[in-house]
1. Which distances in nm, rounded to one decimal and ordered from shortest, link the label point of B:Pro384 to the equivalent label points in the other identical copies, with labels set 7 Å from Cα toward Cβ?
2. What do you get for the angle between helix A:163-181 and the principal long axis of chain A? Use alpha-carbon atoms, 0 to 90 degrees, nearest ten.
3. Let me know the Kirkwood hydrodynamic radius for the stretch A:202-255, please, with Cα pairs as the basis and the value in Å to one decimal.
4. Using Stokes-Einstein with the Kirkwood hydrodynamic radius over Cα pairs, what translational diffusion coefficient do you get for the stretch B:126-184 at 25 °C and a viscosity of 0.890 mPa s, in µm²/s rounded to a whole number?
5. Multiply the residue separation of A:Met411 and A:Ala187 by 0.36 nm, subtract the distance between their alpha-carbon atoms, and state the gained length in nm to one decimal.
6. In nm, to one decimal, how far is the A:Arg285 label point from the B:Val476 one, both placed 7 Å along Cα→Cβ?
7. Please turn the phi angles of the stretch B:102-117 into ³J(HN,Hα) values with the Karplus equation 6.51 cos²θ - 1.76 cosθ + 1.60 (θ = phi - 60°), one per residue in order, whole Hz, x for glycine and proline.
8. Provide the buried accessible surface between chains B and A in square angstrom, both chains summed, 1.4 Å probe, rounded to the nearest 100.
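The values are calculated or read from the model by the stated rules, or taken from the named source; none is laboratory data. Nothing here was measured: the structure is a model prediction, and the numbers come from that model. Here the Cβ is made from the backbone with ideal geometry for all residues, glycine too, and neighbour counts use every protein chain on show. SASA here: full protein model, heavy atoms, side chains in, ligands and nucleic acids out. Shrake-Rupley method; radii C 1.70, N 1.55, O 1.52, S 1.80 Å.
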Number of protein chains: 2
Amino acid sequence: MSLPDPSDAPVPATAIARPGPPALMARLRKAKHRVVVLGGGFAGVYTARHLSELLGSRTDVHVELLSEENYFVFQPLLPEVAAGGVSPTHVVNPVREMVPRVQFRWSKVQRIDIAAKVVYATQGEGKELVAVPYDHLVFALGKVSNFSSMPGVQEHALAMKDLSDAFKLRNHVYRCLELADVEDAPAEKAALLTFVVAGGGFSGVETIGELSEMLHKVKKNFKNIEARELRLVLVHSRDTLLPEMPAALGKAAMEILQQRGVEIIVNARTKAASRYAVYLSTGARLETRTFICTVGNAPNPICKDALATGAFVEGKSGGRGIGVFQTDLHLQCTGQTHYWAVGDCAGVPMPGKPDEICPATAQFAIRQGKVAAENILAAIDNRPERRREFSFKGLGTLASLGNRSAVADMMGVQLKGFVAWFAWRTIYLSKLPGMIRRLRVTVDWTLDLFFPRDITQLQPDESPQLRVEHYEPGEVIIARDEIGRELFVIQQGEVEVKEPDGTLVATLKDGEVFGEKALLTDAPRTAHVVAKTPVDVLVMTRAGFKALVGQLQPLDDYFTGLMKQRYPQLVPDDTRVTALVGTAKS
Amino acid sequence: MSLPDPSDAPVPATAIARPGPPALMARLRKAKHRVVVLGGGFAGVYTARHLSELLGSRTDVHVELLSEENYFVFQPLLPEVAAGGVSPTHVVNPVREMVPRVQFRWSKVQRIDIAAKVVYATQGEGKELVAVPYDHLVFALGKVSNFSSMPGVQEHALAMKDLSDAFKLRNHVYRCLELADVEDAPAEKAALLTFVVAGGGFSGVETIGELSEMLHKVKKNFKNIEARELRLVLVHSRDTLLPEMPAALGKAAMEILQQRGVEIIVNARTKAASRYAVYLSTGARLETRTFICTVGNAPNPICKDALATGAFVEGKSGGRGIGVFQTDLHLQCTGQTHYWAVGDCAGVPMPGKPDEICPATAQFAIRQGKVAAENILAAIDNRPERRREFSFKGLGTLASLGNRSAVADMMGVQLKGFVAWFAWRTIYLSKLPGMIRRLRVTVDWTLDLFFPRDITQLQPDESPQLRVEHYEPGEVIIARDEIGRELFVIQQGEVEVKEPDGTLVATLKDGEVFGEKALLTDAPRTAHVVAKTPVDVLVMTRAGFKALVGQLQPLDDYFTGLMKQRYPQLVPDDTRVTALVGTAKS
């Protein structure tokens, strides 16, 4: 699904912002200082939490946290959720429970009016605009995924950024196994059993490791699938995995994964993806139904907009792409007194190494949040002597490889294999916020040692009524004899309609429609349609198509005309297409 | 979302069915007898499981199970999942693990060719048709929901039938709490905090009980919500709850729920539902954002089709609606030698009471499956002396009311309150299939006694690009000053466009469009649109609209014309609507 999120539409400048509820308004009137934190990840939550702890029972400072999710995710465990080792609900923490004394607002920031010191956000279905005034503003918005430089990746790749990604991947993999188990065509079966991950950083390495462990654990449930048929591929743009760790550990990780049968393609980038395959910069084409893309970080659009005002200084990127706020060691945005930045959207100088910036990890985000909270309070109370500099230098790095194996670099000591894995579990467990989660994850892990993985496919088929798909030249969009369930409109590019013997019937381009016949006549597809150039198509399901054509007269006219012209024998004079298809309710 | 499932379209009669994978084909060639079980609920799974156990290592009988889900749900615990007391993955069991020696096929049955003895099913995205031949066929397809007699219920009610329903309800409730916590309008806040359940049977009573427990447990996390603002309503068509249980227990359940503040409306039916409210047969209107409908069971369409062939005898309904197969006590369809029916789609005579049929519960389904398996094998082996009659008379009935309270009728002993609740937990735990689930649910329950509920809202906003909404007369479809994000096409009914002072601007009907201006100009809504009659509207999001209008010339023409006519000052000559809206990618 690549159409933008329905709530993503820009907010009209003239929209009227609504006030808050009476109880909140009463508290706001009492407060002299309003601190607003944008973002509910580690950085934002720990800033708000520490600030509210420092405030104790003071009512003169109102703290408000805005986030699009009412929970925050312990990201290092996402690959384990995807692989079924840990329950999805056990790696999330409700923000409200982490910040009990802070006003939480489940909303999407739309724009910041820096002159008026007001944040505008939408709530609910995106129809209500609220105005949140502030004195101090903390940016903790993190990064977003942006795949726009790689055609088709937005449309066809799975990400590994939040809980719904992990949940989606888990269900998608079981779906592929179910289909492979009853698939007769060898090429399709091979594609269903090929799993490609792009990115050799923490997220990519941990994902392929966990995936490999899971696939080998569950394959016994599928009678018609053999171990040698499973193919796992990791694509990485450099020559050593895990660039954030010492090179020796990157090499060790590579060897451990390769011994387990994972193919690793180094010095290669993803060029494009389609419904059928991943295309690499090396010219290679990997036929797969499962592509997980862990590369493509971009700044949050709100940060980009704020930086564009010129009020802020853009920081060093440290390999994180552009779009971070430069801060000093007090976490204050350079040149500003009332703006702060923490976590992945901040370019915080590395203590002791002024030419570097802090890595984008939870360790740093949590500690930045705490220091920012102290300094904000010092600013509010006008006690500059209480300000504190950020001085954390990191505890080390760990990457799990699945199958009770990991690599770790802790205080200069390098570990690999089972010892590293054991350290990894212990440390992550101690970092997981909230006693209840820790208990639940411990139980999950213990059960996982003794019991089979849960192979349930929990999500219904994902077939939105309207979506965009991408195809590369030569790929088949419609195959003859398939059951026709969708109509295609070309957004850009060209396709060729062919007879099964290869004879060219027609070439179609932008704005033209194909696939309409099988929808209207309930007959299987009668021709092949193949991409001539890279092509984006808008796909409409039969139900969506019927609803639209049945209600909108101009569409009915258009499709009636099109059908009369293309298949005169199917549409007698004076017959409308609506008479052939009925409406969505039929 | 009320458009039909994309994979629901009928399969063309001329579609070509594909063979199975080579390994499966090889096993099929060896088998002399093919038993196909349709449906993966308790009845189907236990039939297949018991049959494969009886067969042991015999290879002359091939057993195949077809189901739309690769797991089956322990339904009595669904309300607890919805209420967050139990993790979603802990109440499901993978079908493959329950029937390790059976070929499982994750597919949707499309039609049965009784003359040729072949089941046609679709796999994957519904584009592949497979043919599954059988000698013996077992119907275990259960029932489906059908809300068609109640306008708007399909569009706006949540069901409580499978795991995704429970998961959806859980997320929806947290969404309402998040919004209520920051809502300024008292009427909207009240609607967000009103929860209506239709149906006073097991499912409805347990759902309202669990919901009530959950809401009172989690409300402390929401600063601006008070206990007295929560409203829970149960609507029931008779005068006593739980008609399946002795009347005294129905009354006891009612008292326990009422003491806890649940409103119970008896002798009332749901007449209609809209985005805003539930309408009852008594004339009452309940303003709510959460409506859970546990009534409206209908036969599975495949059973209906099979019954319509005249080959089968339709059984008694026993309050389950029509559309069940009449069977004898051997579970054989009346008048048939190779067709069997078990579970909710079967009208099995109640042992010892030939005028009644067995109730539609898991207790009966499991035992029917076992007896059917024995009798199928007796038929295959031509050993009629081994046939066995179904003789189970039931163990009793239990209904949980949340808050450590329940009512139970066991072997004639009636229990209520904590004792019944304790019995309920113990019995359900012992019935839950699979040791691992039992352990996990025990852990969940134990943790739930000591720790707060998990209030994370895990699902993204549900706003499909294309959907149908229903409104009753007088309801506001578009409110002035809202941010306009959607376009509406009237499917049936009439709406009035009004100035805020009530002046009528226009009346629109079937096929007409409204809401287009705010989409095209990024301005807030400028008028009220109110339903004049009951009205169904097709709702298209801004992104969906932009994609369609940007690509389809006739739609561009139509909307350009419409805008020029309605707002001539906004569309200069020679300007196309596409120029104003751009495309979905912009």
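1. Here B:Pro384 shows inter-copy label distances of 10.4 nm.
2. 30
3. Values: mean 1/r = 0.0788 Å⁻¹.
After inverting the mean inverse Cα-Cα distance, the result is 12.7 Å.
4. Numbers: Rh = 15.7 Å.
The calculation lands on 156 µm²/s.
5. Working: separation 224, 0.36 × 224 = 80.64 nm, distance 4.82 nm.
So the chain would gain 75.8 nm between A:Met411 and A:Ala187.
6. 5.6
7. 9, 6, 9, 10, 7, 7, 10, 5, 9, 6, 10, 9, 5, 5, 8, 6
8. Values: alone 27020 and 27000 Å², together 43730 Å².
Rounded to the nearest hundred, the buried surface is 10300 Å².
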